[in-house]
Amino acid sequence: MRRLLYLAFGVIVITLSYLFWPLLQGADQKKDTLPAFSGTMDVFKESQGSPSLAKLPFKTETGESIVLLDIPADLYVLNFWATWCAPCIEEMPTIEALADSVEGMGVKVIPISMDRLTSASQIRAFYQKHNIKGLPIYQGEMLPVMRVAKISGLPETILVDSDGKELGRLSGSADWNSKAAKRLIKYFTSKNP
């Protein structure tokens, strides 16, 4: 009779554990989930198990070939864009405003032009035409960048931690000067000090 009681008790414990374990796991995860956003930030997708972007290749304004981690930062905001891309042109002033607002916080905003056959001087002229004064010039080559970063279109913005791990991405134009964008940056800087 005791064996039967122990067996029944064991079955009940295992059944309850099986039923409530996902809830207990979810309670821990909810503390660390991405906050809800509205506006253009609501399409930001947090990444899970993405490949490293540490070796993402691109060139500086002077033509020097570098990889992402050659530029030290606690958090990277990679913005892939092109001079011919209307949504990119609309977004660029907000990218510049974000860069200004995070200066000195360990966050580097890295706009990477995906223009083919465009020189750094042509990008500089584009910046002048659109009154962009505070952004550096970086150029990416389509195939290597697409292979490493897996961008699907322009503009595309990817947040990356100091080790080169992708944290999340937003495909399409967004207002990076909005309160929601600043909350997003704050979320990741506090999560990855």
Next item on the list: Give the residue that is modelled with the lowest pLDDT, with candidates limited to residues of region 133-162 that are open to solvent by 50 Å² or more (accessible area, probe 1.4 Å) and polar (S, T, N, Q).
Entry: Ser152
Item checked: Positions within region 107-129 being surrounded by 14 or more Cβ atoms within 10 Å (Cβ to Cβ) and either among the acidic types (Asp, Glu) or in a loop (DSSP other than H, G, I, E, B) (or both), in sequence order -> Met114, Asp115, Thr118
Notebook entry, point to check: Could you list, in sequence order, the residues of region 168-181 that are in contact with a Lys or Arg (Cβ under 9 Å, 6 or more places away or on another chain) and open to solvent by 10 Å² or more (accessible area, probe 1.4 Å)?
Noted result: Arg169, Ser171
Note to self: If I filter region 57-92 down to residues being under 18 Å from Thr118 (Cα atoms) and among the acidic types (Asp, Glu), which single residue comes out as most open to solvent (accessible area, probe 1.4 Å)?
What the structure shows: Glu64
Checklist line | Which listed residue, of Ala149, Ala120, Ala174, Ala125, is of a type in the set (A, V, I, L, M), farther than 22 Å from Gly39 by Cβ and under 19 Å from the mean Cα position of the chain (by Cα) | finding: Ala149
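The values are calculated or read from the model by the stated rules, or taken from the named source; none is laboratory data. All values reported here derive from a predicted model rather than from experimental measurement. Ideal geometry is used to build each Cβ from the backbone, glycine not excepted, and the neighbour counts take in all protein chains shown. For the accessible areas, the whole protein counts, side chains as well, though only heavy atoms, and no ligand, DNA or RNA atoms are used. Shrake-Rupley method; radii C 1.70, N 1.55, O 1.52, S 1.80 Å.
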